[in-house]
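Read through the structure below, which is laid out as structure tokens, and then see the notes.
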Amino acid sequence: MWCVPRDFVFSLAILVLLFGTVPCLGSFVKTENKIKSAVFLSPKFELGPGSVINKYYYDIDFPRGHVAIKSFHAEVVDEDGNPIPLHETYLHHWVVERYHQSKHVTHTRNDGQKMPENSDNIMVRNSGICQESINKQYFGLGSETRGTATDIPDPFGIEIGNPAEIPEGYEEIWMLNVHAIDTRGVEDKLGCTECKCELYNVTVDEYGRSIRSDYKGGFLCCYDSKQCKLKEGFERPKRSLYLRYTVKWVDWDDFIVPAKIYILDVTDTLKLSDNSKGMNSEHDCKVEYQVESCTTNHKDGNGCVHVKRISLPFQTGGYVIYGVAHQHSGGIGSTLYGQDERVICSSIPRYGNGNEAGNETGYIVGMSTCYPKPGSIKIIDGETLTLVSIYNNSQEHNGVMGLFYLLVAEQLPDQHFRHSTRSSFFMDVM
């Protein structure tokens, strides 16, 4: 009987891992047959003509365990499950955030009110790049939600529920924020959806702080329970609504390549400072901004374009897997450029031309997305990116946004597979 030294086997295995042919990844990365899907409803919220809700629901129904999210789709529906069109209930935004909550909590706050910042919950934000409390969501869109693709291509996924990342004595929960405006019977639908302060008769924000005089509209004026101005004599009953959301996921395994979430904001006012470890960046994302109307002599339909741009360093790079912008009514499109002026992703809004839900005239009902071939677009560590957000300003727009959502993988599938296989081998032989 031949006796092969253990050191020889160990060395041979290393050579195979380093120089051998990697098996065809096609047999590992297809997840169509493994995908799980579930449809959930948010807690019920009520809206009457002109009213506003901005609710925060904690510990919502969500996939549990160590999984990879593959898509997230949402829309507003009534009690019978019928989709509600934007010209009746405008979905300003919805976002989903991740938290770690103590297992000793006996009651999770779910009355629609925001949890105090001094609570025991630990917020788990995305990978950046705004300051800690801003744009920290994992998922979120607005009026465009029905018509915007969110599927994450194989073999990539957003990793959640990893036991190694959850502190002892805690569990992972998810929070849903829904901001919706009932525009039935209002005097000015666009003004109400843009949260124009004079239509809400608001001079202080939800915390009782005075709103500055040059602030014409935005978040500060259409907070929870506010009322937009109605046409005289208009009456309709309140109705019960829900955010219906569909989540697709797969169980986590070593063949899934993790994708990180980054949200860039064109309102970011970046400050660079020196410290003992080199350059330090301090972000200050404002989330919304004002688009002033163009001058009278440019109101020919062509010259009225408002362009806002910001250049930002991207600290940790990788391969772009998915990209999409978020804009409000009046948006023309948004483009993210690399340091060499190459286009990383361009996202264009689609406006509806009908009356039915998903095709409402005058509303953004979808945003084009980018699915570059894996490996074809790489952001290098520290690269300066330029985000450009363009609006038509033939008329004034209040409280608009210019966000860009990116999924970035630090490794390509073959790199990830080699690394995972090598790591598993060393664990087995040590």
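Worth a mention:
- Calculated FRET value between residue 236 and residue 348, using beta carbons and R₀ = 51 Å, to 0.05: 0.90
- Compared with the alpha-carbon gap, the fully stretched path from residue 373 to residue 114 is longer by 89.2 nm at 0.36 nm per residue.
- Rounded to the nearest Hz, the phi-derived 3J(HN,Hα) couplings of the range 163-176 under the Karplus curve 6.51 cos²θ - 1.76 cosθ + 1.60 (θ = phi - 60°) are x, 5, 9, 9, x, 4, x, 10, 9, 8, 10, 10, 10, 10, where x marks glycine and proline.
- Backbone geometry of the range 146-157 corresponds, through the Karplus equation with coefficients 6.51, -1.76 and 1.60 at θ = phi - 60°, to 3J(HN,Hα) couplings of 5, x, 10, 5, 10, 5, 9, x, 5, x, 8, x Hz, x marking Gly and Pro.
- Spatial separation of Cα centroids for the range 220-264 and the range 42-99, in angstrom: 4 Å
- Given their separation in residues at 0.36 nm each and the Cα-Cα distance between them, residue 127 and residue 254 gain 43.6 nm when the chain is fully extended.
- Counting heavy atoms of the protein chains alone, residue 196 has an accessible area of about 60 Å² for a 1.4 Å probe.
- For a label point 7 Å along the Cα-to-beta-carbon line of residue 64, residues of the range 148-170 with backbone N under 20 Å: 159-170
- Multiplying the residue separation of residue 384 and residue 206 by 0.36 nm and subtracting their alpha-carbon distance yields 60.4 nm.
- The figure for residue 367 is an accessible area of roughly 10 square angstrom, using a 1.4 Å probe on the protein chains alone.
- Label-point separation in nm, residue 34 to residue 341, each point 7 Å along Cα→Cβ: 4.4 nm
- With every protein chain in place, the range 36-412: carbon and sulfur % of accessible area (1.4 Å): 47 percent
- Loop chymotrypsin sites (Phe, Trp or Tyr not before Pro), the range 162-238 (other Cβ atoms within 10 Å of the site Cβ: 12 or fewer; DSSP): 207, 234
The values are calculated or read from the model by the stated rules, or taken from the named source; none is laboratory data. Here the structure is a predicted model, which is why all the values come from computation and not from measurement. Backbone-built Cβ (ideal geometry, glycine too); neighbour counts: all protein chains shown. When the accessible area is computed, the model is the full protein with side chains, heavy atoms only, and any ligands, DNA or RNA have been set aside. Shrake-Rupley method; radii C 1.70, N 1.55, O 1.52, S 1.80 Å.
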